[in-house]
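Notes follow once the structure below has been shown.
The values are calculated or read from the model by the stated rules, or taken from the named source; none is laboratory data. Source: prediction; values computed, not measured. All Cβ positions, even for glycine, are placed from backbone atoms using ideal geometry, and neighbour counts span all protein chains on display. Just so you know, the surface numbers come from the protein's heavy atoms only, side chains and all, with ligands and any DNA or RNA stripped out. Shrake-Rupley method; radii C 1.70, N 1.55, O 1.52, S 1.80 Å.
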Amino acid sequence: MLNSLDVPKDPAATRVVVAMSGGVDSSVVAAVLKREGYDVVGITLQLYDHGAAVHRKGACCAGQDIHDARRVADALDIPHYVLDYEARFREAVIEPFAESYLAGETPIPCVECNRAIKFRDLLSTASELGADVLATGHYVASRRLADGRRALFRAADPERDQSYFLYATTPEQLATLRFPLGERDKAETRALARDLGLSVADKADSQDICFVPQGRYGDLIERLRPGAAKAGEIVHVDGRVLGRHEGLVHYTVGQRRGLKVAIGEPLYVVRLDAAKGRVIVGPREALATKIIAVADVNWLGDEPLAQAGDAIEVAVRVRSTRPPKPALLRPAGRGAEIELFAPEDGVSPGQACVIYADHGPRARVLGGGTIARAASDAAAAA
């Protein structure tokens with residue numbers, strides 16, 4: 001049984017718009033809410049189209065997924081709408097993604113997609129349809145605080161927790177958003193999908209970035225910005241020029257494979273110098289970072305960030321695949337400085353730094369921002 005939507009109205013008098021991606025998670029949300037008596041409306045967003053590529057396993061928001069969402073909605077006997085958001089998605093997500101990569105950053109388009117498309121625009125559409133809440137299949141928890149406001153928390157299933165991608169959600173959005181899967185794990189969701197007879201019960205999960213076929217980011221950037229990916233030098237942190245590269249877009253901080261240079265010891269990308277067109281490489285220890293500058297912080301704490309004091313103890317995630325680690329947060333204008341208690345490897349500008357109240361399994365999300373600077377001393381000196 002899913003957790004309650006926590007709304008004052010009776011289910012029959014409560015209209016719920018469910019964001020249906022065509023996958024098992026959102027389909028289960030729609031099916032269970034329908035079974036519980038809510039007035040459910042399904043909405044699927046068409047965000048991009050890569051022709052035959054949309055039929056590949058692990059894609060979402062196009063082609064087969066739209067068909068799957070429609071089939072589930074028909075089986076549930078609920079209204080279902082497909083909204084063409086391709087132009088908005090390209091402008092708000094794909095174009096900034098390309099610019100960020102050309103600037104030597106490693107962006108996370110899922111964060112901007114949630115912020116600018118799935119929540120901002122979709123919430124507006126849900127309101128126009130007279131919905132009381134918008135429910136999604138994300139693995140993250142939303143709970144009511146003592147003062148009536150809602151807060152964001154890590155999901156019960158740490159392997160599926162998606163709070164890293166949702167830090168930009170605003171308090172106003174949280175008042176309307178619901179995440180019914182936040183207290184369940186994936187195995188339970190699939191079992192429930194089979195019990196409900198959903199056609200997508202065994203469908204593969206979405207993987208990688210949805211609009212990048214086969215995960216080849218460099219190919220996408222070359223297509224969007226022909227000739228922008230320029231060759232340059234591969235430079236060791238000690239200043240030695242080791243070779244040439246074919247464009248910064250083909251590299252990310254922490255990368256080891258595909259460097260095509262050798263000096264008798266493993267080398268890693270430790271920084272991308274867009275101004276000089278250089279890929280800076282070095283030994284693994286050169287990746288270690290303790291101080292991180294975070295820009296454009298979205299703060300979800302009880303008090304304004306500026307009133308947080310000189311430093312507060314928090315936990316932060318610098319990669320979606322890593323658990324929160326203890327750190328100190330110091331407010332800095334619209335941003336913050338993060339001091340990790342222990343160094344982290346592979347901290348890359350453009351990635352998110354998400355802030356939690358602690359490093360517990362169901363910790364509250366206090367906010368997050370974009371990593372603006374995180375180069376180690378060795379990388380900065382190169």
For Leu224, are the conditions met, namely being closer than 30 Å to Ser124 by Cα, buried (at least 16 other Cβ atoms within 10 Å of the Cβ) and modelled with pLDDT of 95 or more?
no
Applying the selection to region 308-337, what residues are among the acidic types (Asp, Glu) and surrounded by 14 or more Cβ atoms within 10 Å (Cβ to Cβ)?
Glu337
Selected residue (only one of Asp65, Asp74 is in contact with a strand residue (DSSP E or B) (Cβ under 8 Å, 6 or more places away or on another chain) and either open to solvent by 60 Å² or more (accessible area, probe 1.4 Å) or of a type in the set (Val, Ile, Thr) (or both))
Asp74
May I ask you to list the residues in region 261-303 that are within 21 Å of Tyr167 (Cβ to Cβ) and of a type in the set (Asp, Glu)?
Asp296, Asp302, Glu303
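A quick yes/no check of all residues on (1) modelled with pLDDT under 95; (2) of a type in the set (S, T, N, Q); (3) part of a loop (DSSP other than H, G, I, E, B):
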{"site": "Gly148", "(1), (2), (3)": "yes, no, yes"}
{"site": "Asp157", "(1), (2), (3)": "yes, no, yes"}
{"site": "Arg160", "(1), (2), (3)": "yes, no, yes"}
{"site": "Tyr164", "(1), (2), (3)": "no, no, no"}
{"site": "Tyr167", "(1), (2), (3)": "no, no, yes"}
{"site": "Asp202", "(1), (2), (3)": "yes, no, yes"}
{"site": "Ile209", "(1), (2), (3)": "yes, no, yes"}
{"site": "Lys230", "(1), (2), (3)": "yes, no, yes"}
Among the residues listed as Val237, Val253, Val200, Val212, the single one being of a type outside the set (Gly, Ala, Ser) and out of contact with any Ser or Thr (no Cβ under 9 Å at 6 or more places or on another chain):
Val212
Note on region 116-172: residues within 14 Å of Arg317 (Cβ to Cβ) and among the basic types (Lys, Arg) are Arg154
Being β-branched (Val, Ile, Thr) and either assigned to a loop (DSSP other than H, G, I, E, B) or surrounded by 24 or more Cβ atoms within 10 Å (Cβ to Cβ) (or both) is the filter here; which residues of region 25-42 pass it?
Val28, Val29, Val40
Give the residues of region 348-375 that are open to solvent by 10 Å² or more (accessible area, probe 1.4 Å) and assigned to a loop (DSSP other than H, G, I, E, B), sorted by residue number.
Pro349, Gly350, Gln351, Ala357, Asp358, His359, Gly360, Pro361, Arg362, Ala375
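Just give me the residues in region 128-157 being more than 11 Å from Gly182 (Cα to Cα), open to solvent by 20 Å² or more (accessible area, probe 1.4 Å), among the small types (Gly, Ala, Ser) and touching a residue at least 40 places away in the same chain (Cβ under 8 Å), in sequence order. Steps first, please.
Restricting attention to region 128-157, the residues satisfying the condition of being more than 11 Å from Gly182 (Cα to Cα) are 128-135, 144-151.
Among the residues that remain, those that are also open to solvent by 20 Å² or more (accessible area, probe 1.4 Å) are: 128-132, 144-150.
Subsequent filtering for residues that are among the small types (Gly, Ala, Ser) retains 130-131, 146, 148.
Those that are more than 11 Å from Gly182 (Cα to Cα), open to solvent by 20 Å² or more (accessible area, probe 1.4 Å), among the small types (Gly, Ala, Ser) and touching a residue at least 40 places away in the same chain (Cβ under 8 Å): Gly130, Ala131.
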Does any residue of region 291-303 turn out to be under 18 Å from the mean Cα position of the chain (by Cα) and acidic (Asp, Glu)?
yes
Residues in region 78-124 that are in a helix (DSSP H, G or I), open to solvent by less than 20 Å² (accessible area, probe 1.4 Å) and under 18 Å from Thr136 (Cβ atoms): how many?
10
Pairs with Cβ under 9 Å, 6+ apart, first in region 81-108 and of a type in the set (S, T, N, Q), second part of a helix (DSSP H, G or I) and open to solvent by less than 50 Å² (accessible area, probe 1.4 Å)
Ser100/Pro109; Thr106/Ser100
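Of the residues Ile263, Ile280, which single one is assigned to a strand (DSSP E or B) and farther than 23 Å from Arg364 by Cα? Steps first, answer last, please.
Values: Ile263 fails: assigned to a strand (DSSP E or B).
Just one listed residue meets the conditions, Ile280.
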Would you pick out the residues in region 166-197 that are under 23 Å from Asn114 (Cβ atoms) and open to solvent by 50 Å² or more (accessible area, probe 1.4 Å)?
Pro171, Glu172, Ala175, Arg184, Asp185
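Just to be sure before I move on: is Asp296 open to solvent by 60 Å² or more (accessible area, probe 1.4 Å), touching a residue at least 12 places away in the same chain (Cβ under 8 Å) and in a strand (DSSP E or B) in the structure I sent? Show your work before the answer.
Values: open to solvent by 60 Å² or more (accessible area, probe 1.4 Å): yes; touching a residue at least 12 places away in the same chain (Cβ under 8 Å): yes; in a strand (DSSP E or B): yes.
Yes; evaluated as a whole, the condition is true for this residue.
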